[in-house]
Amino acid sequence: MGSTRRAFTEEYKDQAVAFVLDGDRPIAEVARNIGVHEMTLGKWVKKAREAAAERPADAVLNESERTELDRLRREAADATATIAELRMQVDFAKKVATWFAKGKQ
C-alpha cells in the first residue's frame with residue numbers, strides 16, 4: 001500500500017518557519033515538536049530565506065506593523081505553549097488509561 005502525503009497550509013508553513021527564524025531554534029528541534037520531517041521543514045526554511053533575500057532592502061515595517069507583528073508572535077508563542085501542555089496532558093491520560101486497563105484484566 002502506498003503512503004499518503006500530508007498537506008500543509010501556507011499559514012502552517014509560515015508559522016513553522018517563524019519558530020525557526022524568529023525563535024533562533026534549530027530546525028531539528030522545531031520539526032520534532034510540530035511533527036514534521038526535518039527535511040520538509042528545512043526546505044520551507046530555505047525557501048523563506050531565499051524569499052527574504054530577494055525582497056528589497058527598503059521593505060521595512062512601520063510602527064503599527066511592527067506592533068502587530070510583535071503581538072501576533074506573542075499569541076503564537078502562547079498558543080504553542082498551550083498546545084505543548086495539552087499534549088502532555090493527553091500523553092499522561094493515555095498512560096493512566098493503559099494502567100487502569102491492565103489492572104482490570
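The values are calculated or read from the model by the stated rules, or taken from the named source; none is laboratory data. Bear in mind that the values here come from a model prediction, so they are computed numbers and not experimental data. With ideal geometry, Cβ positions are generated from the backbone for all residues, glycine too; neighbour counts draw on all protein chains shown.
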- Collect the residues in region 7-21 that are assigned to a loop (DSSP other than H, G, I, E, B) and surrounded by 10 or more Cβ atoms within 10 Å (Cβ to Cβ), keeping them in residue-number order. F8
- Query: Condition test on T4, is it among the β-branched types (V, I, T), within 29 Å of L86 (Cα to Cα) and assigned to a loop (DSSP other than H, G, I, E, B)?
  - Reply: yes
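Could you identify the single residue in E29, E75, E68 that is loosely packed, with under 11 Cβ neighbours inside 10 Å and more than 22 Å from A7 (Cβ to Cβ)?
Going through E29, E75, E68 in turn, the sole match is E75.
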- Item | region 52-65 - residue that is aliphatic (A, V, I, L, M) and surrounded by 10 or more Cβ atoms within 10 Å (Cβ to Cβ) and, of those, farthest from R25 (Cα to Cα) | L61
- State the number of residues belonging to region 22-48 that are part of a helix (DSSP H, G or I) and either of a type in the set (G, A, S) or under 11 Å from the mean Cα position of the chain (by Cα) (or both). 11
- Task: With the condition kept exactly as written, say whether any residue in region 85-102 is assigned by TED's automatic domain parsing to the domain that holds K13, free of Cβ contacts under 8 Å to residues at least 60 places away in the same chain and more than 19 Å from the chain's Cα centre (by Cα).
- Result: no
